[in-house]
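First comes the structure, then the notes that go with it.
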Amino acid sequence: MTVLLEGQGDASPTVELTSALILASARKIVENTGTLKTGAWQASPAGIGLAGKTLGVLGLGRAGFSVARVGGAFDMKIIVYGRPGGAAEKLASEFEYKFATDKKKRRLRKLIS
């Protein structure tokens, strides 16, 4: 499934849904919604805050750059993965985001999968 083809379409829905999923996951929205439906307030604490947490962004195209900006608005640390010397590295430097190379990205993929 293609979420957003580079250079085509509107990135806004992708950015909005990504942000919503990050917030829902961190703040345990689904779990607490179920508790509210039973008449209670919160089954658990309201999750974790995003400030100071790290958000990894693959590339800084339209969607990636916007997701990074939203993460920045939540005071998250932004780490951008991309090719050395590419546009993502230049933008990451310009916006003071940490930059990681493809080599580090491959290691990260092994950890996630």
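We did not get these values from a lab; they are worked out from the coordinates using the rules stated. Not measured: the values here are computed from a predicted model. All Cβ positions, glycine included, derive from the backbone under ideal geometry; neighbour counts span all protein chains shown.
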Here the convex hull volume per residue of the range 12-112, taken over Cα atoms and given in Å³, is 108 Å³
Please work out the FRET efficiency for the pair residue 46 and residue 98, using the Cβ-Cβ distance as r and a Förster radius of 22 Å; give the result to the nearest 0.05. 0.20
Derived scalar couplings ³J(HN,Hα) [the range 82-88; Karplus, 6.51 cos²θ - 1.76 cosθ + 1.60; whole Hz; x for Gly, Pro]: x, 7, x, x, x, 4, 4
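Treat the count of other C-beta atoms within 10 Å as a stand-in for reagent exposure and order 89, 31 from fewest to most.
Details: 89 18, 31 14.
So the ranking, lowest neighbour count to highest, is 31, 89.
I need the calculated FRET efficiency for the pair residue 29 and residue 75, taking r as the beta carbon distance and R₀ as 22 Å, to the nearest 0.05. Each step should come with its number before you reach the end.
Values: r = 20 Å, r/R0 = 0.89.
That pair, residue 29 with residue 75, gives E of 0.65.
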In terms of modelled amide H atoms, which long-range or inter-chain residues lie less than 5 Å from the amide H of residue 100? 80, 81, 82
Which whole-Hz couplings ³J(HN,Hα) result when phi for each residue of the range 66-76 is put into the Karplus expression 6.51 cos²θ - 1.76 cosθ + 1.60, θ = phi - 60°, listed in order with x for Gly and Pro? 5, 4, 4, 5, 5, x, x, 5, 8, 6, 8
Amide H to amide H, which residues 5 or more places from residue 77 or on other chains are under 5 Å from it, using H placed in the peptide plane? 52, 53, 54, 55
